[in-house]
Amino acid sequence: FDPRFYQRAVIAAEHVSAQINNTPWCRGVFMDNEQSFGRIESPESMYGIVLNTLQLDAAQVHAKAAFTKTLKAKYKTIAALNKAWNKNIASWDAFAKGIDSSFNTQAQQDDYSELLYQYGVQYFSTVNKAMKSKMPNHLYLGSRLPLWGMPPEILRAAAENSDIITYNVYQEGIIPGK
């Protein structure tokens, strides 16, 4: 969510573009490799990005500001959020400064799922936009997702914002679908 991320993504795309030199033999490029967006073993590990971000100050962390805006739009009042999450947060200002983000309710976990998805959309769409600005005739092959434990919210965000979803697979033979 930080505007500097797009600027850095453009610089990375310029570097890759110079390497491939617009060759017709290169159909697409990966940007990044096995980014860690969480693991599916537990809600805490799956939504770690959200859990950690909600503890931070929105004045200093762009993702926290975006998450706060999303939740304010959904719940309108802090009382509605408190009821849904079984929390006792004093105000939206207090929320923005940082909260205890531990799980209390299913509604909270559902919101964390949506926030993680939004995070993934922001990541993949930003990288795709930067890549296409420098290599418009190449496919964006995503970030080579690891086969182990990628949250479904991130897979959906990658599918919607990449030309092709790619995986790194470290097994021989045919891998059964999940």
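The values are calculated or read from the model by the stated rules, or taken from the named source; none is laboratory data. Owing to the predicted nature of the structure, the values given are computational and were not obtained by experimental measurement. In this analysis, Cβ positions are derived from the backbone assuming ideal geometry, glycine residues included, and neighbour counts consider all displayed protein chains. Note: areas computed on protein heavy atoms with side chains; ligands, DNA, RNA excluded. Shrake-Rupley method; radii C 1.70, N 1.55, O 1.52, S 1.80 Å.
Only a single criterion out of (1) part of a helix (DSSP H, G or I); (2) under 25 Å from residue 157 (Cβ atoms); (3) open to solvent by less than 80 Å² (accessible area, probe 1.4 Å) is not satisfied by residue 72, namely (3). Only one residue in 121, 127 is in contact with a Gly (Cβ under 9 Å, 6 or more places away or on another chain) and part of a helix (DSSP H, G or I). Which one? The match here is 127. Does residue 91 fit the bill of being under 19 Å from residue 5 (Cα atoms), of a type in the set (Gly, Ala, Ser) and open to solvent by 10 Å² or more (accessible area, probe 1.4 Å)? Criteria not met by residue 91. Restricting the range 59-69 to residues that are open to solvent by 20 Å² or more (accessible area, probe 1.4 Å) and either closer than 28 Å to residue 139 by Cβ or in contact (Cβ under 8 Å) with a residue 24 or more places away in the chain (or both) leaves a set whose member that is farthest from the chain's Cα centre (by Cα) is 59.
Residues that are more than 17 Å from the chain's Cα centre (by Cα) and charged (D, E, K, R) were ranked within the range 117-162; the one that is nearest to residue 46 (Cα to Cα) is 132. Each residue in the range 19-30 was checked for being of a type in the set (A, V, I, L, M, F, W, C) and either free of Cβ contacts under 8 Å to residues at least 12 places away in the same chain or open to solvent by 100 Å² or more (accessible area, probe 1.4 Å) (or both), and 1 pass. Every condition in (1) surrounded by 14 or more Cβ atoms within 10 Å (Cβ to Cβ); (2) among the polar types (S, T, N, Q); (3) touching a residue at least 60 places away in the same chain (Cβ under 8 Å) is met by residue 33 except one, and the failing one is (1).
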